[in-house]
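The values are calculated or read from the model by the stated rules, or taken from the named source; none is laboratory data. These numbers were taken from a predicted model, which means no experiment stands behind them. All Cβ positions, glycine included, derive from the backbone under ideal geometry; neighbour counts span all protein chains shown. Accessible surface areas use protein heavy atoms only, side chains included; no ligands, DNA or RNA. Shrake-Rupley method; radii C 1.70, N 1.55, O 1.52, S 1.80 Å.
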Amino acid sequence: MDQSPFARRLSDGVFGYVQPDGSWWINNCGFVSAGDHTVVIDTCSTERRTRALLETAASTGGAPVTTVVNTHHHGDHTNGNYLAAGATIVGHRKTREVMVATGINTYENAFTGSDWGHLELRPPEVVFDDRLTVHAGDVRLELIHPGHAAHTTNDVLVWLPERRVLFVGDLIFNGGSPFALMGSPAGWRKALDLVRELEPETIVPGHGPVCGPEAIDVVDGYLGFLQKLASHGKAAGLTPLEAAREADLGPYEALSEQERLPANLHRAYAELDGLEWGAPIDLGAAIADMVTFNGAPIRCFS
């Protein structure tokens, strides 16, 4: 039996790996023990955290990790891929493309405090475009790309239909502010409709505690609020940073990582300008506004 405080049994052989407190660079993962092998869902941002994840996954079922599925390209979900020696990395085609193009990004001017350890780039070796099925013993994992940008351009849902368990990646932040800078608020809301259609009973979010479908409406509501705030701010001639500083967050005041708001507004403004969902924008300017809004480089605990 696993002794890791981060591992939670969700169903027979299915575990969520929930890392508190779910803030910047501290993600959730998961694994499915198939008896003779183990499938892991996402790795972690740092060497230390990924080693702990892989040790827990292998020891819980007593079987080696043979497959790692990435839910998107962000480093908190992929930096540790290289440590899964002997395993095959699976992800969306665009996950591989973005990782190869950009390498490992730690954004040292924006974030402080992370203990990265030694990192090596390892993008997915097996890629897909729309859907792919992975079997872990008698557990079927349906890998689903929503077909458009959402949190990123390359989000992957890991759906276990017979268990009604969904590893949703960063399409849900449970308790934290959603982060749409590299995706699309409009596309994200459409992707949440797909999540609803699956009718999951248990959701492992990309960050925050395991939850049920009630978390979907919170993220959707925030994104709707973001779109309205962008429309108002743009019409008033405000920059994204100015609009963020004037914003009344209302029911979203309690969400952590509020410094994401100006970056989210950069993306929402771009969509109001007619930019396609997920199209490139100036990430540097958006991240700089986050740091300005925060008043200092953003403290991390990874």
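Only protein heavy atoms count here; on that basis, with a 1.4 Å probe, C44 has an accessible area of about 0 Å². Among the GluC sites (Glu not before Pro) found in segment 221-275, those both in a DSSP coil and sparsely packed, with 14 or fewer other Cβ atoms within 10 Å of their Cβ, are E253.
Compared with the dominant Cα axis of the chain, that is its longest principal axis, helix 214-235 is turned about 30°. Expressed as a whole percent, the accessible surface of segment 11-68 that belongs to carbon and sulfur atoms is 51, based on a 1.4 Å probe. In this view, the solvent-accessible surface of R163, computed with a 1.4 Å probe and all protein chains in place, comes to about 50 Å². Here the Debye sum runs over all C-alpha atoms of segment 1-115 as equal scatterers in vacuum, and log10 of I(q)/I(0) at q = 0.19, 0.24 Å⁻¹ comes out as -0.96, -1.41. What is the diffusion coefficient of segment 127-286 in µm²/s, taking the Kirkwood radius over Cα pairs and the Stokes-Einstein relation at 20 °C with a viscosity of 1.002 mPa s? The diffusion coefficient I find is 132 µm²/s.
Bridging of K190 to aspartates and glutamates at a Cα separation below 13 Å is possible for D155, D217, D220, once same-chain residues fewer than 8 apart are set aside.
Relative to the dominant Cα principal axis of the chain, helix 47-61 is inclined by about 40°. For Cα extents along the principal axes in Å, computed directly from the structure shown, the correct entry in [x] 60, 40, 33; [y] 86, 45, 39; [z] 75, 48, 39 is [x]. Histogrammed with a bin width of 5 Å, the alpha carbon distances of segment 74-216 distribute as 2, 9, 17, 21, 22, 16, 9, 3, 0, 0 percent, first bin at zero.
The residues of segment 187-298 expose on average 45 square angstrom of accessible surface per residue, using a 1.4 Å probe on protein heavy atoms. Counting protein heavy atoms only, segment 168-247 has 50 percent of its accessible area on carbon and sulfur, 1.4 angstrom probe. In order along segment 130-138, phi translates into HN-Hα couplings of 10, 9, 8, 9, 10, 10, 10, x, 8 Hz, rounded to whole numbers, per the Karplus curve 6.51 cos²θ - 1.76 cosθ + 1.60 with θ = phi - 60° and x for Gly and Pro. Sorting W116, W188 by accessible area puts them as W116, W188; the probe is 1.4 Å, largest comes first, and only protein heavy atoms count. Measuring only protein heavy atoms, the 1.4 Å probe finds L10 accessible over about 40 Å². The GluC sites (Glu not before Pro) of segment 113-215 that DSSP puts in a loop, and whose beta carbon has at most 14 other beta carbons within 10 Å, are E120, E125, E162, E201.
Centroid-to-centroid, using Cα positions, segment 55-71 and segment 178-220 are 25 Å apart. Accessible area per residue for segment 83-175, computed on protein heavy atoms with a 1.4 Å probe, is 41 Å².
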